[in-house]
Structures are given as C-alpha cells and as structure tokens.
Amino acid sequence: MKHFLLCLLFIPLLARAQNLRGQVQDQAGRPVPFASVAVPALTQGTTADESGHFVLAGLPAGPQQLQISAVGYATASQAVTLPLSKVLAIKLVAEGKALAEVVVTGVGRATEIRRSPVPIAAMTGREIRLNANANAIDAAVRGIPGLSAVTTGPNISKPFIRGLGYNRVLTMFNGLRQEGQQWGDEHGIEVDGYGVDRVEVVKGPASLLYGSDAVA
C-alpha cells in the first residue's frame, strides 16, 4: 500500500510543465548569441540571449527533440528527457556559406541582383583595381556593358548610357549627387577612384527614382 501511495504522489510531479534551461555554444565553448531553439513537435521555441542562454518554459515531461539554428552555424538536433536538473549545453558546428550578392540601389530595399526587377549592373572594388585604373568611370566602362565615357584627359571622364550623358546621367557617391562633371568639358567626376568599393549602374525607368534628370 505504501508503494502505491508513493506512485500516486510521484506521477503528478512528472505531469507538471517543465522548464528547460540551456546555453548554446560553439565547439570551443564560446557562447553563440541569439540562436533559435525550438521543439518542432510542439511548435514551441525561443531565442537565446547575447550570452547564448535560453529558457524553454511549459514543456511536458518526457523525451523531447530540440532543433537549434544560428547564423553561421549548421542546424543541429538534440534529444533531451525532461525533467532535467542541470543546464543543458548545446554545441553547434560553424558552417561557412557564401551569401548571394546584394544590391542596395534601384529598389526600395536590399535585393539580390538576380531577383531585382530593375536592370542593374554592378562592379566590385576588386574588379576596379584589377583594371589598374584610378578612374572609376574608365574602369566601369571596361566591365559594365552599355556604359561608355567621353574622356578629355587623365582622370577626366564623363559617363554615357545609351548615348545620353552630361545632365541626363545622374552620378551619386554615397548618396550625394555629383554634378561637377556637368559644368564643362574639362570637369570630370569628383570622386577618388581609390575610395570606391563598388560601382552600380541603374538603367531604364527605375533611374527616375533619383530625380527627373536621371533619364538614361
């Protein structure tokens, strides 16, 4: 009879909702901040804090399967049995993934070039330097189709798109309009080519997002 009573007292303890506390770490034991920890079978989850600690509350007792994911790490699964008296340590393996190229102009938000509805051509700073040219316009002409330039001397180049140039082509540097090249034949783009990390060319009607003079 005593054994039967002990069972009756023990079963409600197991049936109570359990809290799972843990920390997400990398293979070196360093915390992985803001990792996602979920129990897919229960559609329940949480996000770790900046030190990798998390709490999953209201879980039923018994075996549970966790799914853990974080940017830069491979998604992991780990089985646990609740209740668990200690803090659970979860190890993630670093995973290097190449992110798709992103363009930030021509549309209202950052968009992959292959998904952009606007025709955009881009050239990286490395490609500019490979052209061994300090003039960003001359370097872009060599690497971007449909772009040409009128050159009147060293480092004096004016961009032309589809035969249109001068005040029909808008040039911007870090969001600032560059209009010095429109003053005369001997005025080039007032941008240091060595300080350019990326050149983007927006063609077609989308260029009008930047002003009525961007018509090329």
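Readers should treat all values here as calculations from the given coordinates under stated rules, not as data from a laboratory. What you are looking at is a predicted structure, and each value in this text was computed from that prediction instead of being measured. Note that we place each Cβ from the backbone using ideal geometry, even for glycine, and neighbour counts take in every protein chain shown.
Observations, loosely collected:
- In this rough spin-label picture, where each label sits 7 Å from Cα along the Cβ direction, the Arg126-Phe173 distance is 2.5 nm.
- Annotation: the residues Lys158, Lys86, Lys91, sorted from fewest to most other C-beta atoms within 10 Å of their own C-beta, follow the order Lys86, Lys91, Lys158.
- For Met172, distant residues with modelled amide H under 5 Å away: Gln178
- Rounded to the nearest whole Hz, the Karplus-based 3J(HN,Hα) values (6.51 cos²θ - 1.76 cosθ + 1.60, θ = phi - 60°) of segment 85-93 follow the sequence 7, 9, 6, 7, 9, 10, 9, 10, 9, with x at glycine and proline.
- Neighbour-count order for Glu127, Glu95, fewest beta carbons within 10 angstrom listed first: Glu95, Glu127
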